[in-house]
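As structure tokens, the structure follows; a few thoughts come after it.
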Amino acid sequence: MVTSHPLPDDLVELIADRFRVLSEPTRIKLLDRLREGEATVLELTELVGTTQQNVSKHLGILQRAGIVARRKQGNFAYYRIV
């Protein structure tokens, strides 16, 4: 017996957007580290082995997608999974 439960178009778009965001290996590495807790861009840069600008770019994409959040403390920004 097959039941049909089509997903609404807006939900399909949301799911597709999330998969697009997660399709970049660097973002998966960042999220894997953030599973352990908050981290600064500097800490994440050392882990991923790329530039601060590159890490910041990927974190911005994850933040706009609602996957990570950012908080400022002094001169540092801390990122965490939402």
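The values are calculated or read from the model by the stated rules, or taken from the named source; none is laboratory data. Note that the structure is a prediction, hence the values are computed from the model and not measured. Every residue, glycine as well, gets a Cβ built from its backbone with ideal geometry; the counts of neighbours run over all protein chains shown. Calculation scope for accessible area: heavy atoms of the full protein, side chains included, ligands and nucleic acids excluded. Shrake-Rupley method; radii C 1.70, N 1.55, O 1.52, S 1.80 Å.
Just a few scattered comments:
- Summed over the stretch 52-73, residues that are open to solvent by less than 70 Å² (accessible area, probe 1.4 Å) and not hydrophobic (A, V, I, L, M, F, W, C) total 5.
- The stretch 34-82 - residue that is in contact with a strand residue (DSSP E or B) (Cβ under 8 Å, 6 or more places away or on another chain) and small (Gly, Ala, Ser) and, of those, nearest to Leu22 (Cα to Cα): Ala69
Condition check ((1) open to solvent by 100 Å² or more (accessible area, probe 1.4 Å); (2) among the charged types (D, E, K, R)) across all residues:
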{"residue": "Asp32", "(1), (2)": "no, yes"}
{"residue": "Gly37", "(1), (2)": "no, no"}
{"residue": "Gly49", "(1), (2)": "no, no"}
{"residue": "Asn75", "(1), (2)": "yes, no"}
